[in-house]
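**Q** The following block contains the structure, expressed as structure tokens.
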Amino acid sequence: MPELPDIELYLHALRPRVVGRPIERARVGNPFLIRTYDPPLSAIEGVPILDISRLGKRIVFRFEGDLFMLVHLMIAGRFRWRERGAAIPGKVGLAAFDFDDGTLLLTEAGSKRQASIHIVRGADSRAEHDRGGLEALEADLPAFAARLTAENHTLKRALTDPQIFSGIGNAYSDEILHAARLSPMKLTASLS
């Protein structure tokens, strides 16, 4: 599942390819992917991308005109950069975003289609998708400790709750707990 480190890698790889450039055409292979209707997906066509960032486990494309596209890859969603005009793959393809020199494909393996795209206008609409978790990579130790122990949960639950920490999911919480040699069942109130 794409989580904080994976999303950061996507951002690092996509920034030089898409920032400052418009999406020439957005194509949808699965209509259930788009979860908003106003503004429509066509609103992002021809509009330059000003930046891309992370909001929890979502990738946020910020366009001119205070327009945002929030992409949640969920468990099996992936981005792939292909040649310009590449076809949306039959079984796994969800969408394609055509640029002047390539196509960004959005795919999702498996039978469930959980990935989503929200097109919103305005920073307030974008903020509605923020679950409020602490940015773990930006927090100092006292802020991290305070957030972790504010309520009594298991360590696993605390690390994966997007209202407590932003972007940490199941896979990386396991890695964190393994590296720290802590039980996922240990209660946060019992931490020293």
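The numbers here are math on the coordinates, done by the rules we state, and not lab data. This one's a predicted model, so the numbers in the text were calculated from it and none came from an experiment. Cβ placement follows ideal geometry from the backbone for every residue including glycine, while neighbour counts extend to all protein chains displayed.
**Q** So, by mean Cβ neighbours within 10 angstrom, what's the order for 52-64, 148-160 with the highest one leading?
**A** 52-64, 148-160
**Q** Moving on to the next point. For the range 18-88 and the range 161-192, what is the separation of their Cα centres, given in Å?
**A** So the separation of the two Cα centres works out to 31 Å.
**Q** Would you calculate the separation in nanometres between label points at Asp101 and Thr154, each defined as 7 Å from the Cα along the Cα-to-beta-carbon direction?
**A** Inter-label distance under the simple model: 4.9 nm.
**Q** In vacuo Debye scattering of the chain, one point per C-alpha: log10 I(q)/I(0) at q = 0.14 Å⁻¹?
**A** -0.82
**Q** Any lysines with Cα under 23 Å of the Lys91 Cα? List them, leaving off those in the same chain fewer than 8 positions away.
**A** Partners found: Lys112.
**Q** Right, something else. Which whole-number percent gives the relative contact order of the range 1-48, counting Cα pairs below 8 Å spaced six or more residues apart?
**A** RCO, the range 1-48: 45 percent.
**Q** In terms of Cα to Cα distance under 18 Å, which lysines are near enough to Lys156, apart from those fewer than 8 places away along the same chain?
**A** Lys57, Lys186
**Q** Continuing with the same structure: Which value, to two decimals, describes the C-alpha radius of gyration of the range 105-166 once divided by 2.2 N^0.38 Å?
**A** The reported ratio for this selection is 1.47.
**Q** Helix-derived [θ] at 222 nm for the chain: sum -39500 (n - 2.57) over DSSP H runs of at least 4, divide by residue count, nearest 500?
**A** -7000 deg cm²/dmol
**Q** So which helices of the chain fit the span-like rule, where a helix is a whole DSSP H run, its Cα atoms reach 18 Å or more along the axis, and its mean Kyte-Doolittle is at least 0.0?
**A** 4-18
**Q** What is the sum of charges around His72, taking Lys and Arg as +1, Asp and Glu as -1, for the other residues whose C-beta is under 14 Å from the C-beta of His72?
**A** Computed value for this residue: +4.
**Q** May I pose another question? Relative contact order for the chain: what percent, with Cα pairs under 8 Å and sequence separation of 6 or more?
**A** Value for the chain: 21 percent.
**Q** Can I get the semi-axes of the range 1-109's equivalent ellipsoid? Compute them from the C-alpha gyration tensor as square roots of 5 times the eigenvalues, in angstrom, largest first.
**A** In descending order the semi-axes read 18, 17, 15 Å.
**Q** Please find the FRET efficiency linking Arg82 to Ala179, where r is the Cβ-Cβ separation and R0 is fixed at 41 Å, and quote it to the nearest 0.05.
**A** With a Förster radius of 41 Å, E is 0.70.
**Q** Moving on. Would you please put 77-88, 2-13 in order of how densely packed they are, using the mean number of other Cβ atoms within 10 angstrom per residue and starting with the highest?
**A** 2-13, 77-88
**Q** Label-point separation (nm) for Asp124 and Met74, each offset 7 Å from Cα along Cα-to-Cβ?
**A** 3.0 nm
**Q** Can I ask one more? What is the magnitude of the charge dipole of the chain about its Cα centre, with +1 placed on the Cβ of each Lys and Arg, -1 on the Cβ of each Asp and Glu, and no other charges, expressed in debye to the nearest 20?
**A** 620 debye
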